[in-house]
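Below: the structure, in structure tokens.
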Amino acid sequence: MNESNGESFAKSSYGSISLKPYQIDAINFAVECLLKQVVPIIESPTGSGKTIISIISSIIYAKKTGKKVLYLTRTNSQQEQILKELKILSKAMDFRAIAMQGRVNMCPLYMELEKESDFTTESLSKMCSSRKKRTKERKEGGCYYYNSGISSDETREYILENIQSPEDIFETLRSRKICPYESLKFAMRDADLVVMPYSYFVNSNMAITTIYNWRTSRENLVIIIDEAHNLPDIARESNSLEISMNTVNISEKEAVDFGDPELQPSVHVSDFMEAIRVSMIELTREMVEKQKEKRIMFRDIYEEMSIYMKRKSDEIEYMVDALIAFGSQIEDQKENLGKVPMSHIKILGEKLKFLRFAEYDRFICIVSRDEEEKLEAYCLDPSIVLEPLFRSSTIHVSATLDPVWLYTNMTGIVNFEFKSIKNIFPASNLLVLYRDDLTTKYSEFGAEMADKYVKVISDIVTGLDRKSMVFFPSFNTMQYIETKVKFPHLSESRSMTQRDFQHLISLYRKENRPLFGVMGGRLSEGINLPGNLLEVEIIAGIPFPKPTIKQRALSSYYDLLFGSGWQYAFLFPAIIKIRQTMGRVIRSEEDIGVIIILDGRVQMLEPYINARLSNNIRDDINSFFSSHIK
């Protein structure tokens, strides 16, 4: 209830959706926080209706304040469940909604022109602008999908009234020779709620474009941060960069293809690429045997290039600027040829320029050598990226946000209130066991331990007439153990397309083969397997991050800021991954299931993860399911 005036903001039902008391309570909490200009942070377990809570809360608040609602998801594939809820709630609450995706998924002309993924968001945007301009001026080389059908009442109503998935919109409008992306952009102006991936708003340039297309402002938005535990890592990744030897080689080839001009007298672009290549090799030469990475200063790459080229550092900086200018010329030439105007050289030049001005206190520079030499600038502090996000009102929801102080310290949220919804399903529906004689700890994991894992996993899943999944700390661990597995099974892979992933889930639903996945991967978050589709889940190891230079630097950084740096860099990343993975099992009051954690280090994760030691897992599983026979 609203403590100030006793008002309940939420109703007991919306269309065919009836709310449970804890959902009403959470909605009232969120609306009250937003009205007080306080950030509501809600931890709500898997299956508790986080989507319903966040949508109803934001719409109630938006109607009171005249704002629009932005729903951010981690991936495009997570939009499906949200759209199902929106179709019901939009009619009951009288609002219009659409789901957006990027040009790479929604531009039919790009798919016809380009067979390779040789693009950036900016290059696709530039190509689109050029094609649209040619169409408006009735010149050759325009876009025949860009026509009056984009802004027609028929197209707009089709998008807004039906709340179709972007995939369905794409197929329908492409068949009508109407641009799906531009149609969504136009319909967006009349939408009260828009669903889109995080990247649209974590990337500042994309956020500006999105706000303009919507004809609104940051201050006029209430933003739902779905699966909010992902926000810090997504923000870090968006503000980090990498220069690999392959990047340099591709840029050199592009330079040769476009004439290889001089950046300075007697210094061609290809010479400059060779200087980068030699400098990266020199920076890794001093590594001791078996060492794969080391931390360096950002200016070290410039100093190495200066030594190799026998040029002053300010001349190197001038050549980087000239490199960017040459890349812009290549973009123009590609655009005139009707191609996506993207230049590897320009991207490389902009990355080198970033290294020149990077903030030493919030970024680290790493050089590594594995299959090839690589240079990275890694963002330690995601709050610098997220600062513009909080000019809007925000609601943060996830099944794994406790301890909230860790999340708010990383994201930079100051004025907030936290609500945790607990125990919505009977505790007796879930049994969590562990064994303490196995571990994936680096110093102890080898062929003998892998053999032991295979035997234990095989003993559990073979002959068990229960749908089961096995999750590993990493793809490398999974693949190593898979080489020893003899029983039939399914498994996800790093390179799976969305289509392949959906086919994998379909096979798993139909067949009685255990499915292997990775904690933190697509199988561990965002998929819904209700009823008996997942009854036994095996967690084969604790996903502690490797003690890389990045993780040690994160630990030191947060240790200086807040203390307990190890918790930020190692402990809670593992807890979040395991808890998200565990959330796949119980999705409703009727679901029952068993989770087995095969790693004695689980005892370090209490009180956030509680498990009982088992000396006979197979008997404990059978006994558990026998006790639930009605």
So, in region 74-83, how many residues would count as being modelled with pLDDT of 90 or more and over 16 Å from R96 (Cα atoms)?
0
If you scan region 480-502, which residues turn out to be under 20 Å from T440 (Cβ atoms) and basic (K, R)?
K484, R494
Considering residues of region 490-543 that are buried (at least 21 other Cβ atoms within 10 Å of the Cβ), of a type in the set (G, A, S) and on the phi < 0 side of the Ramachandran plot only, the residue nearest to the chain's Cα centre (by Cα)
S524
Can you tell me which residues in region 379-403 are surrounded by fewer than 18 Cβ atoms within 10 Å (Cβ to Cβ) and of a type in the set (V, I, T)?
I384
Would you confirm whether or not region 319-337 contains a residue that is in a loop (DSSP other than H, G, I, E, B) and closer than 26 Å to L124 by Cα?
yes
Of the residues I169, I159, I150, which is in contact with a Phe, Trp or Tyr (Cβ under 6 Å, 6 or more places away or on another chain), assigned to a helix (DSSP H, G or I) and within 30 Å of I59 (Cα to Cα)?
I150
Taking region 20-40 and keeping only residues that are closer than 21 Å to F425 by Cα and surrounded by fewer than 20 Cβ atoms within 10 Å (Cβ to Cβ), one is left with K20, P21, Y22, I24, D25
Scanning region 584-630 residue by residue, the ones that are free of Cβ contacts under 8 Å to residues at least 12 places away in the same chain and in a helix (DSSP H, G or I) total 5
Could you tell me whether any residue of region 194-202 is without any contact (Cβ under 8 Å) to a residue 60 or more places away in the chain, within 24 Å of Q37 (Cβ to Cβ) and not aliphatic (A, V, I, L, M)?
no
Within region 214-221, is there a residue that is assigned to a strand (DSSP E or B), within 18 Å of T120 (Cβ to Cβ) and in contact with a Lys or Arg (Cβ under 8 Å, 6 or more places away or on another chain)?
no
Filtering region 44-64 down to residues that are in a helix (DSSP H, G or I) and out of contact with any strand residue (DSSP E or B) (no Cβ under 8 Å at 6 or more places or on another chain), which residue is modelled with the lowest pLDDT?
T51
Restricting attention to region 523-539, which residues are of a type outside the set (G, A, S) and modelled with pLDDT of 85 or more?
L523, N532, L533, L534, E535, V536, E537, I538, I539
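For region 497-540, what are the residues that are assigned to a loop (DSSP other than H, G, I, E, B) and in contact with a Leu (Cβ under 7 Å, 6 or more places away or on another chain)? Talk me through it step by step, then tell me what you get.
Taking region 497-540 as the starting set, the residues that turn out to be assigned to a loop (DSSP other than H, G, I, E, B) are 497, 511-514, 519-521, 525-530, 534-535, 540.
Listed by number, the residues that qualify are R513, A540.
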For a quick check of your reading of the model, give me the residue pairs whose first member lies in region 452-474 and is in the same structural domain as G541 (by TED's automatic domain parsing) and farther than 12 Å from A540 by Cα, whose second is charged (D, E, K, R) and surrounded by 17 or more Cβ atoms within 10 Å (Cβ to Cβ), with beta-carbon atoms closer than 8 Å and at least 6 apart or on different chains.
R466/E535; K467/E535; S468/E535; S468/E537
Within region 438-459, considering residues that are in a loop (DSSP other than H, G, I, E, B) and among the aromatic types (F, W, Y), the one surrounded by the fewest Cβ atoms within 10 Å (Cβ to Cβ):
Y442
One residue from I549, I586, I542 being within 24 Å of I617 (Cα to Cα) and modelled with pLDDT of 90 or more:
I542
Have a look at K36, K87, K91 and point out the one that is modelled with pLDDT of 90 or more and under 30 Å from M582 (Cα atoms).
K87
Does at least one position in region 545-556 carry a residue that is closer than 23 Å to Q79 by Cα, touching a strand residue (DSSP E or B) at 6+ places or on another chain (Cβ under 9 Å), small (G, A, S) and not in a loop (DSSP other than H, G, I, E, B)?
no
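From the list E371, E376, which residue is among the charged types (D, E, K, R) and surrounded by fewer than 17 Cβ atoms within 10 Å (Cβ to Cβ)?
E371
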Of the conditions (1) out of contact with any Gly (no Cβ under 8 Å at 6 or more places or on another chain); (2) buried (at least 18 other Cβ atoms within 10 Å of the Cβ); (3) farther than 30 Å from L72 by Cα, L406 clears all except one; give me its number.
(3)
Among the residues of region 106-114, is there at least one that is within 30 Å of E227 (Cα to Cα) and assigned to a helix (DSSP H, G or I)?
yes
Return the residue satisfying two criteria in turn: it lies in region 304-328 and is more than 20 Å from M280 (Cβ to Cβ) and without any contact (Cβ under 8 Å) to a residue 12 or more places away in the chain, and of such residues it is nearest to the chain's Cα centre (by Cα).
A325
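Do we find that V385 is at pLDDT below 90 and not basic (K, R) in this structure?
For V385, the condition - at pLDDT below 90 and not basic (K, R) - is met.
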Against the conditions (1) acidic (D, E); (2) touching a strand residue (DSSP E or B) at 6+ places or on another chain (Cβ under 8 Å); (3) part of a helix (DSSP H, G or I), where does D559 fall short? Just the number, please.
(2)
Take R435 and decide whether it is within 30 Å of S123 (Cβ to Cβ) and either at pLDDT below 95 or surrounded by 15 or more Cβ atoms within 10 Å (Cβ to Cβ) (or both).
no
Over region 585-603, the set of residues farther than 21 Å from K422 by Cβ and either touching a Pro at 6+ places or on another chain (Cβ under 7 Å) or surrounded by fewer than 16 Cβ atoms within 10 Å (Cβ to Cβ) (or both) is Q603
Can you name the residue in region 281-327 that is in contact with a strand residue (DSSP E or B) (Cβ under 8 Å, 6 or more places away or on another chain) and hydroxyl-bearing (S, T, Y) and, of all such residues, is surrounded by the fewest Cβ atoms within 10 Å (Cβ to Cβ)?
Y318
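The values are calculated or read from the model by the stated rules, or taken from the named source; none is laboratory data. Quick caveat, the model's predicted, so the values are computed rather than measured. Heads up, the Cβs are rebuilt from the backbone with ideal geometry, glycines too, and the neighbour counts pull from every protein chain shown.
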